[in-house]
Amino acid sequence: MADTPFQVPQSGSSAPETPSVAEVLTDAAKQSVLKVQDYAKLSARSVSNLFTRPRYGQDTLDQMDDIGVGSLPIVLLSGFFIGAVMVLQTGSQFQRFGQVSLTGDIVSLALVRELGPTITGLLVAGRCSSGIASELGSMVVTEQVDAMRALGTDPGRKLISPRVLASLITVPLLTTISVFVGLIGGMVASVFSLRLGATTFWQRAIAILEFSDLMQGFTKSLVFAFILSTVGCYQGMKVRGGTQGVGRATTQAVVVSSVMIIIADTFLTKLALYLADKL
Amino acid sequence: MASPPTPSLPPQSAVTIKFDDVWIGFDEGPILRGLTFSAQPGETLVLLGETGTGKTLALKIAAGLICPDRGTVQALGQDITGKSEEELLQFRRQIGFVFQEGALFDSLTVGENVAYRLVEDGADENRIAPQVREVLRFVELEHTADMLPSELSGGMRRRVSIARALVNRPPVVLYDSPTAGLDPITSQTIITLILRLRDIYRVTALMATHRLQDGFALANFHFDPKTRTVRRGPSEERTQPPITRFLVLREGHIYFEGRPEELLKSRDSYLQRFLI
């Protein structure tokens, strides 16, 4: 070790040991399991915190405004045009068999069961999951989260639970609006492109729906809301490595939440179809 | 390597903060290796050391923000190493923590930042506003109450951070390099503020720094509340020396512990490097 002011300490002469392939794979597996465990703990606490005090009502309202009202324009626009394009795609097939009146049935079922919740989930994930991750990540790297803890506040209650609750409330509402606007888009396309009456379209679109279809769409939107908010929060709270880490977390939040939403959609669809048959 | 001078520990009774054989490490190896020291009520401990010696870690452990791998930490009569996060949240309300870069909430105004702890405690709104004004006046930033942290200079942000830390008059304040990266004049303002806090409110303080002059300023000056000026020498009202002690951290443990004059007299080659 250097004993005079301007000496440079000698670096160690022994070379670091190279880990074996098995060790690297074991470490990677352990890290993955640890991440899943951390995510599960964060998700469970975000929900359990909602049932105990202190609660942050104003923060929840602010997040509802950001996630719900803020996402409304993209949900309205995309919903309308998805409904319209569904009619254009399916209508041309139905015309070949002279069954244009079935268009309303198909568009309604597809929007309520599948496209409404999934497209809304993916859009809100792209907009809000990334926003949550970058906001929380910035707070972590600038020590604001530590400052919050130092001031006696649980960041889980103050930052995570309001975002999760706000998503659980607003995403199903956004999905409902998206489906409704999609049906309007479908109706407009039916009237102008297929010469199908607006009344016929609406009557068939509503008549085909059963309670199980509405429940399927509602359940999916709830699950997607939970996924996009908790993944965003998890990625944000685990940021390491300054601004570069924040950027990485933001991208990861969108990628992971989108993939999780699509995977969850598959299993939920299978489950819903199974339950619809049984009940 | 020169042998470290023998530390002169204060009596075990009446300690506000006590570290006993505290160890903590990360992937790159242990950072703190058996850190042991204690602070008496009203005392200011200056933690000196090179970058990476664990000064900030020691402060965060003292505040219960990080749990050590081994050893015990007692603060305000409680063993905080065995506490749950819920219990630690309550404990931290009695501790003021000034972060290196201020760590102000950037979406809140200065006034809201300072009022944060009071709002969290559910204090009466009529009580919050005057208290925030008083604390901002203490740091001479009353006019910034409605500004956002991004509109303030680095020194002003540190002063707001100090105001936020002391808004509920905590008995212990921990400063993490409060003058790092600031110009000499602003640094002097911050140190004067810490002096005032010490001599008016009698807080126990731990200050991590790599600037020796900050420690000597705390040791050699005092704030006279009557004349509201900073004066050289110890306060006349203070009868219980020492009020400022230096702890030099090296390789994860205390290398030197003692009064400023003992540090100045030391012929140890490592300590000499801080004095040049």
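The values are calculated or read from the model by the stated rules, or taken from the named source; none is laboratory data. Just so we're clear, the structure is a prediction, and the values are computed from it rather than from any experiment. Backbone-built Cβ (ideal geometry, glycine too); neighbour counts: all protein chains shown.
In the set B:THR51, B:THR56, only one residue is in contact (Cβ under 8 Å) with a residue 60 or more places away in the chain, surrounded by fewer than 18 Cβ atoms within 10 Å (Cβ to Cβ) and within 14 Å of chain A (Cβ to nearest Cβ); that residue is B:THR51.
Based on this model, can you work out whether A:GLY217 counts as crowded, with 16+ Cβ neighbours inside 10 Å, in a helix (DSSP H, G or I) and touching a Lys or Arg at 6+ places or on another chain (Cβ under 7 Å)?
Working: crowded, with 16+ Cβ neighbours inside 10 Å: yes; in a helix (DSSP H, G or I): yes; touching a Lys or Arg at 6+ places or on another chain (Cβ under 7 Å): yes.
In short, yes.
Any idea which residue in region B:97-107 is modelled with the highest pLDDT, counting only those that are more than 8 Å from chain A (Cβ to nearest Cβ) and buried (at least 17 other Cβ atoms within 10 Å of the Cβ)? Filtering region B:97-107 for residues that are more than 8 Å from chain A (Cβ to nearest Cβ) and buried (at least 17 other Cβ atoms within 10 Å of the Cβ), the one modelled with the highest pLDDT comes out as B:VAL98.
Being of a type in the set (A, V, I, L, M, F, W, C), at pLDDT below 95, in a helix (DSSP H, G or I) and under 30 Å from A:SER92 (Cβ atoms) is not true of A:PHE180.
All conditions in (1) surrounded by fewer than 24 Cβ atoms within 10 Å (Cβ to Cβ); (2) under 25 Å from the mean Cα position of the chain (by Cα) hold for A:GLN203, with the sole exception of (2). Restricting B:ASP268, B:ASP224, B:ASP214 to residues that are at pLDDT below 85, over 21 Å from B:PRO41 (Cβ atoms) and acidic (Asp, Glu) narrows the list to B:ASP224.
Are any residues in region A:92-135 small (Gly, Ala, Ser) and buried (at least 22 other Cβ atoms within 10 Å of the Cβ), and if so, which ones? Matches in region A:92-135: A:GLY104, A:SER108, A:GLY116, A:GLY121, A:ALA125, A:SER129, A:SER130, A:ALA133. Candidates are the residues of region B:68-96 that are free of Cβ contacts under 8 Å to residues at least 40 places away in the same chain and surrounded by 15 or more Cβ atoms within 10 Å (Cβ to Cβ); the one that is farthest from the chain's Cα centre (by Cα) is B:LYS83. From the list A:ILE82, A:ILE74, A:ILE160, the one residue that fits, being within 22 Å of A:THR230 (Cα to Cα), surrounded by fewer than 24 Cβ atoms within 10 Å (Cβ to Cβ) and in contact (Cβ under 8 Å) with a residue 40 or more places away in the chain, is A:ILE74. Say whether the condition of being more than 21 Å from the chain's Cα centre (by Cα), part of a helix (DSSP H, G or I), away from chain A (no Cβ under 14 Å) and free of Cβ contacts under 8 Å to residues at least 40 places away in the same chain is met by at least one residue in region B:112-123. For region B:112-123, residues more than 21 Å from the chain's Cα centre (by Cα), part of a helix (DSSP H, G or I), away from chain A (no Cβ under 14 Å) and free of Cβ contacts under 8 Å to residues at least 40 places away in the same chain: absent. Does region A:19-33 contain at least one residue that is within 29 Å of the chain's Cα centre (by Cα) and either at positive phi or crowded, with 18+ Cβ neighbours inside 10 Å (or both)? Among the residues of region A:19-33, not one is within 29 Å of the chain's Cα centre (by Cα) and either at positive phi or crowded, with 18+ Cβ neighbours inside 10 Å (or both), which makes the answer no.
Inclusion of B:LEU89 among residues that are in a loop (DSSP other than H, G, I, E, B) and within 12 Å of chain A (Cβ to nearest Cβ) is not warranted.
Scanning region A:224-250 for residues that are among the charged types (D, E, K, R) and farther than 26 Å from A:PHE267 by Cβ, we see that the one that is surrounded by the fewest Cβ atoms within 10 Å (Cβ to Cβ) is A:ARG240. Checking A:VAL188 against (1) within 30 Å of B:TYR116 (Cβ to Cβ); (2) assigned to a helix (DSSP H, G or I); (3) over 27 Å from the mean Cα position of the chain (by Cα), which test does it fail? Unmet for A:VAL188, out of (1) within 30 Å of B:TYR116 (Cβ to Cβ); (2) assigned to a helix (DSSP H, G or I); (3) over 27 Å from the mean Cα position of the chain (by Cα): (1).
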